[in-house]
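Notes to accompany the following structure.
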Amino acid sequence: MKSAQVSGQHRTATAVGATTCAIGMTIVGTSIAIAPTLEDYPVLAGQAWRYLLAGLILLAILIIRSPAAVVGVLRVTPANALRLIAIAATGLAAFNWLLIEGTRHADPAFMAAVVGAAPLILALLGPATRGDSIRRHTVAGSACVVTGIVLVHGATGAPLFAWPYALAFLACEVGFTLLAVPVLKELTPLQLSTGTCLIAAPMLAAVSLVTGERIVQAPTSSETLALLYMAVGTTAIAFLLWYSGVARLGADRAGLFIGIMPISGYLAGLMLGNSAWAIPAMTGVLLCGAGIALGLGRSRSAAEPLEAPDGERQEDRRDDDRPDDRHQQGVLLDPGVAESDRVTEQIPGGGHG
């Protein structure tokens, strides 16, 4: 009876996590079609304003939901404070700078194809962040997703000096998720998203000044709408959804949903007239979808025993114990619930885990 109950909770957690990751990556993917609107706006300065606005929005929500949660961010352990800075520095600030510099030396499709390897890397490295073994079906699914991403964006070559930018770009994409896993044991997705955005904004502003960009430039009406969409949708909402999914699925299975980005970006491009129908691209879309389905499935491998000695799988215990899953969507809709649990129950280490 207990095993069946835990299995049901695991399926619910997987369904919720998959939904939040899928929606979050869909929002991010649609921004690909909107990005050309900002081609005449200072890039780094625009990103700095984007993260500042998103951080302030998330901070306001955090204060309204639970003022004590703000104190939780400020009192984060030194190790996780460093991880927050690292996420902001690599996954946000460096990621944007490398994208700009990389596309000056290579086709954007090349950069997109290289960063498309992120699902496979997360499938291989993600389990280590929680002491689990690699899931073979997740690796197989991520390989399908990677192939699909390459087909959607198109396989292109690049000069040798473009590869360091592309590989560093890929490392930043992977770090954005991997570095967050231990932080999510102490902070809620809302706290994590708020902290990283507010840390990244001054970093990008500083880089903008160093590179000689205009940090303040009045946007046009279309640029204003694009910046607002990227701040509210692509950042505030998408970050919160993504990290909520990572907390439930783990980095390896969440990484599969990176394949949603090229799908939504391609389909949005078709609707806006920026993309054309192509058999390879549509094949890639289907491969991404098939890879996600395969990677989320269960297998009776040695890495995933059906039943642990005490009748519960290790992953099921992790999902069952986490405040995120006890309250189902509590973290997403009311992060103060999880923060209250930490204060009243005094969970050892202050974590979700």
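Values computed for the structure shown
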{"item": "Shape box of the stretch 75-165 [Cα atoms, principal axes, largest first, Å]", "result": "44, 33, 19"}
{"item": "Space enclosed by the convex hull of the alpha-carbon atoms of the stretch 175-253, per residue, Å³", "result": "106 Å³"}
{"item": "Order of ILE237, ILE279 - criterion: other Cβ atoms within 10 Å of each residue's Cβ, fewest first", "result": "ILE279, ILE237"}
{"item": "D_trans [Stokes-Einstein, Kirkwood Rh over alpha-carbon pairs] for the stretch 1-140, 25 °C, 0.890 mPa s, µm² s⁻¹", "result": "130 µm²/s"}
{"item": "Length-normalised contact order for the stretch 1-145 - Cα pairs under 8 Å, 6+ apart - percent", "result": "12 percent"}
{"item": "Placed amide H near GLU186: partners under 5 Å, 5+ positions off or other chain", "result": "HIS352"}
{"item": "Pair-distance profile P(r), taking every C-alpha pair of the stretch 9-75, with 5 angstrom steps and integer %", "result": "3, 13, 11, 15, 17, 19, 12, 7, 2, 0"}
{"item": "Residues HIS10, HIS105, sorted so that the one with the fewest Cβ neighbours within 10 Å comes first", "result": "HIS105, HIS10"}
{"item": "Hz values of 3J(HN,Hα) by residue in the stretch 89-106 - Karplus curve (6.51, -1.76, 1.60), Gly and Pro given as x", "result": "6, 9, x, 10, 5, 5, 4, 5, 5, 5, 4, 5, 5, x, 6, 7, 10, 8"}
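Every read-out reported here was derived from the displayed coordinates using simple, explicitly stated rules and does not represent laboratory data. As the structure is a computational prediction, the values presented were derived from the model and not from experiment. Quick reminder, even Gly has a Cβ in these numbers, built from the backbone with ideal geometry, and neighbours come from all protein chains shown.
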